[in-house]
Amino acid sequence: MSDPTRPISPRIIAITNQKGGVGKTTSAINLSAALVEQGLRVLLVDLDPQGNASTGLGVEAEDREFSTYELLLEDGDLAQVIHDTNIANLSIVPATVDLSSADIDLASNEKRSFLLHDALRQPAMDQFGWDYILIDCPPSLNLLTVNALVAAHAVLIPLQSEFFALEGLSQLMLSIREVRQSANPGLRIEGVVLTMYDKRNNLSLQVEQDARDNLGELVFETKIPRNVRVSEAPSYAQPVLQYDSTSRGAEAYRSLARELLSRHLRFAAQ
Ligand code: ADP
Ligand code: MG
C-alpha cells in the first residue's frame, strides 16, 4: 500500500505527555486552528479513544463510522476517514472508543509500531497538500503513542504548570530515546509548552523556572495562560480562536503557532 521510505512534505508533530489533563487535546485543537489562521493546511489525527479532539471540533459520535481505527488497522479509504471541520483547511481523522481495543489488536500485527507512519505516508495523502499533521495522543505510553512517535518528525510536550509537572517527563524522554534507537532516529523534540499558566501563582513561576533551568531552549517562550474561555470553547465545538478570538487563550495559541513556525524557518535555514 505505501512506501515508508518516500519523503513527504507535511511536518508531523505528535502532541504527547503520558499524564492526562495537561492540555494535549486543547493544544492540538487550538494550535491546529492557529496554524490554519496563518494560511496553512492542517490535518489533526485524534489518537485518543476518548475522542475529545473530535468532539471539540464538532465531529459527532454518530458521524465517526470511519475513524483512526480504520486508518490504522483496516487500510481505511482516506476520503472516508478524513472529515472536514467547520473551519476551512482544517480536517480531522476522528477517534472512537474502538481505539481502546487497538492496543490489543495492534499487538498481533507485525508492523504494529509503523501503522500510523505508513498510513500517513501513503501516496494518496499527497492530494490533500497538508502543511502540518498534528497527532493528539492518549494519556499513556502505549502502542498508540509509540505509533505517533514513530510516525512523527517531532514531539510537542504540553507541561501543566503544577506540582510534579517535570517528574513524568523523564519517562517520556526515555520512550523518545527508545523510539529513536529502534525506529525513528530523526525524531526531534519540537518543544515543551507550559499550559494552564497562572502568573499570580508561585507554583507556576516555580515550574517555569525549573523547566527553563532543566530544558533550556526546548521550552517555548510562549506560555498558555489558564483562561476560562479556553475551557468553554469545546462545548461549543469550536477552537477558542473562533469562540472568543480576542481572549488571552486565543492570543497565546496564535503566539505559539508563530513561535513554532519561526523555529522551523530557523531549522530549515541551518
Ligand atoms: P489532555 O488532553 O492532556 O488530557 P485537555 O486538553 O483535555 O488535557 O485539558 C484538560 C482540562 O483542562 C480540560 O477540561 C480543558 O478544558 C482544561 N484546559 C486546558 N487548557 C486550559 C487553559 N489554558 N485554561 C483553562 N482550562 C484549560
Ligand atoms: Mg486529551
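Numbers for the structure displayed
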read-out: Any hit, the stretch 245-256, residues being closer than 18 Å to ARG11 by Cα, out of contact with any helix residue (DSSP H, G or I) (no Cβ under 7 Å at 6 or more places or on another chain) and surrounded by 13 or more Cβ atoms within 10 Å (Cβ to Cβ); value: no
read-out: Candidates LEU44, LEU35, LEU72 - the one that is touching a residue at least 60 places away in the same chain (Cβ under 8 Å), over 22 Å from VAL230 (Cβ atoms) and not in a loop (DSSP other than H, G, I, E, B); value: LEU72
read-out: The stretch 180-198 - residue that is among the β-branched types (Val, Ile, Thr) and without any contact (Cβ under 8 Å) to a residue 60 or more places away in the chain and, of those, nearest to ASP118 (Cα to Cα); value: ILE189
read-out: Residue within the stretch 207-226 that is under 25 Å from ASP46 (Cβ atoms), out of contact with any Asp or Glu (no Cβ under 9 Å at 6 or more places or on another chain) and part of a helix (DSSP H, G or I) present; value: no
read-out: The stretch 232-253, residues that are more than 12 Å from THR55 (Cβ to Cβ) and in a loop (DSSP other than H, G, I, E, B); value: PRO239, ASP244, SER245, THR246, SER247
read-out: Contacts under 9 angstrom Cβ, first residue in the stretch 240-268 being under 14 Å from VAL193 (Cα atoms) and away from ligand 2 (no atom under 16 Å from the Cβ), partner in a loop (DSSP other than H, G, I, E, B) and at pLDDT 95 or above, 6 or more apart; value: GLY249/ARG226; GLY249/ASN227; ALA252/ASN227; ARG254/GLN38; ALA257/GLN38; ALA257/LEU40; ARG258/GLN38
read-out: Residue satisfying all of: in the stretch 101-137; farther than 13 Å from LEU73 by Cβ and polar (S, T, N, Q); surrounded by the most Cβ atoms within 10 Å (Cβ to Cβ) among these; value: SER113
read-out: Qualifying residue in the stretch 65-79 (condition: within 16 Å of ligand 1 (Cβ to nearest atom) and either farther than 20 Å from ALA152 by Cβ or surrounded by fewer than 24 Cβ atoms within 10 Å (Cβ to Cβ) (or both)); value: no
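The values are calculated or read from the model by the stated rules, or taken from the named source; none is laboratory data. All of these numbers come straight from a predicted model, not from anything done at the bench. Positions of Cβ are backbone-derived with ideal geometry, glycine not excepted, and every protein chain shown enters the neighbour counts.
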